[in-house]
Amino acid sequence: MEKQLTELFESVKMAAEAAENSPGEEDRCLDVLKQLKKFPVNYQVLVSTQVGKRLRQLTKHKSEKIKALASDVVEIWKTLIVKETMSNKKNGADKNGDTVKAEPARSESEEVKNIQKNAKPERAIPSAKPNSDKVQKLETSSTVKIEKVGVVLTTKNGLEEHVDKKVKIENATSEGRKPAADPVGPQKLTSLIYCKDPTRDKVREILAEALCKVSSEINNDLHDRVNKCDPYRIAVLVETSMYEKWGKSSGPQKAKYRSVLFNIKDSNNPDFRRKVLLGDFEPRAILELTADEMASDARQVQNEKIKQKALFNSELGGPPQASTDQFTCGRCKKKETTYYQMQTRSADEPMTTFVTCVNCNNRWKFC
């Protein structure tokens, strides 16, 4: 049966692909889908062949008829799986004799009391209020965790619904602080995500390897912040931003790729990769940074000193100026001026005098 179902699905898939380019193949695809709809299936066959998951791709087909018929088949199979799952749970509970019926209005305090007996905490846990999801905290530093509580609720229609409830009782200190809230945000990755492109994957590996070094390069003050960061996710985001803006790393933007990768993995530049990991630089903002901005803090201080020294030397390199009242400014008519002389013509000619007014910054020259 599994082989026949797989072959029938492959025929549907090939006909659907052909129908995208040839509208005449649409009828053939619909006929095969109707056969698939009437094919006798069960939960075991669907799980072993995974045909149901693969058939969902046809629910996004360009043809409305194929999309509608494929959606019908998926819904029929989904209903079948739900029915068989509920039936198996009910039969298993009846055989074991472990079914416990409870009314919907039953208070949760009784469940908590039963759990407390098995957990055996250091101090007695006060009973919780009826129909409340909160459990009062104890004045102790220990923590009691209960994994699951099985309850079977009887509905008005006579159907039994099995519910697995997770109960967590956390004891805090006597300071009266609230229990810590669940962390909000994506789960931290444990490995790098690849995109099946060798060139892009190599860039991601270089970025991830560099960002993973940060935890061993920082002091204790930043240890908590760094542990909360996800180097693999940030490496993927940075590489994706680079690819979206610059294209492939082997293209005309190769020099920009090399600049970012060199600075982020440079052993003498731990400051830049730390800022990238902590979020001081957004992934897209990294693409706009210059080489000076990506440099380490110590290198930026050195560059600033070099610039100041060069500026100072350039001012000293100018011609010496002297103040005099021998020249009258043609603009403001004052005699507060400075001047210097340079040999701009041949050696047997007199030097040229350059005059600057101190008040209005008017400049002129004469020989």
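Remarks
- In the stretch 194-211, the residues that are over 11 Å from R233 (Cα atoms) and part of a helix (DSSP H, G or I): P198, T199, R200, D201, K202, V203, E205, I206, E209, A210
- Output for the stretch 202-240, where each listed residue is surrounded by fewer than 15 Cβ atoms within 10 Å (Cβ to Cβ) and among the acidic types (D, E): E205, E209, E217, D221, D224
- Looking only at residues of the stretch 186-201 that are in contact (Cβ under 8 Å) with a residue 40 or more places away in the chain and touching an Asp or Glu at 6+ places or on another chain (Cβ under 9 Å), we find that the one that is surrounded by the fewest Cβ atoms within 10 Å (Cβ to Cβ) is P186.
- Residues in the stretch 8-23 that are touching a His at 6+ places or on another chain (Cβ under 8 Å) and over 18 Å from Q35 (Cβ atoms): E20 alone.
- Single residue of the stretch 59-75 satisfying the filter (in a helix (DSSP H, G or I) and loosely packed, with under 12 Cβ neighbours inside 10 Å) that is nearest to the chain's Cα centre (by Cα): K60
- Considering only residues in the stretch 30-75 that are of a type in the set (S, T, Y) and closer than 16 Å to A16 by Cβ, the one that is modelled with the highest pLDDT turns out to be S71.
- Selection count where residues are farther than 14 Å from E205 by Cβ and aromatic (F, W, Y), scope the stretch 220-249: 2
- Filtering the stretch 292-307 to residues that are loosely packed, with under 12 Cβ neighbours inside 10 Å and of a type in the set (A, V, I, L, M, F, W, C) leaves A298, V301, I306.
- Restricting the stretch 219-239 to residues that are more than 14 Å from C195 (Cα to Cα) and acidic (D, E), the residue that is farthest from the chain's Cα centre (by Cα): D221
This table checks each residue for (1) outside the structural domain of A295 (by TED's automatic domain parsing); (2) modelled with pLDDT of 90 or more; (3) closer than 27 Å to A298 by Cα.
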residue	(1), (2), (3)
T190	yes, no, no
A208	no, yes, yes
L211	no, yes, yes
S216	no, no, yes
K228	no, no, yes
A235	no, yes, yes
S259	no, yes, yes
K275	no, yes, yes
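- Among the residues of the stretch 35-55, those identified as part of a helix (DSSP H, G or I) and either surrounded by 13 or more Cβ atoms within 10 Å (Cβ to Cβ) or touching a residue at least 40 places away in the same chain (Cβ under 8 Å) (or both) are L36, K37, Y43, V45, L46, S48, T49, V51, G52, R54, L55.
- Criterion (under 22 Å from P186 (Cβ atoms), in contact with a Pro (Cβ under 9 Å, 6 or more places away or on another chain) and of a type outside the set (S, T, N, Q)) met by exactly one of R284, R233: R233
- Selection from the stretch 241-274 of residues that are within 16 Å of the chain's Cα centre (by Cα) and surrounded by fewer than 17 Cβ atoms within 10 Å (Cβ to Cβ): S241, E244
The values are calculated or read from the model by the stated rules, or taken from the named source; none is laboratory data. Just so it is clear, the structure is predicted and the values come from calculations on it, not from any experiment. Methodologically, a virtual Cβ is constructed for each residue, glycine included, from the backbone with ideal geometry; neighbour enumeration extends over all protein chains shown.
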